[in-house]
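The next block holds one structure in the form of structure tokens; read it before the comments.
Read the figures in this text as sums done on the coordinates, not as results from a lab. The structure presented is a predicted model; accordingly, all values stated were derived computationally and were not measured.
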Amino acid sequence: MQGWIMRALWSGHITCGLVSVPVRLYAATEAARPQLHEVHVSDGARIRHRRVCEAEDREVGEEEIGRGWQASDGRMVVLRDEDLDHLPLATRRRVEILGFVDDRDVDPLLYDRAY
């Protein structure tokens, strides 16, 4: 694992009747290529992307940035985390199991990965 620890994307339990099994969800893949940066070809300097407010024409900090939805009439509706918390998502804290793979269909080489 190239000297770093994989962290679970999600931890929870799978419950089937009276049996509850602890589960950790990991990413199924890892980066196979080296991470590259955007650079200026002539001098090798890093290229940065800045967050600029279109209305005020100034750079804004992370604490000033939120999320929004654009209505069909062009108005922007700013959404807070509290607004998103109240959305009625039936699967918000649940993973639905649709089926299981037969162990003969899994390549044994995949057993050394935790996913």
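Numbers at a glance
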| read-out | value |
| --- | --- |
| Amide H contacts under 5 Å for Tyr26, placed H, 5+ residues apart | Leu9 |
| Tail beyond 18 Å, pair distance distribution of segment 6-64 (Cα, percent) | 70 |
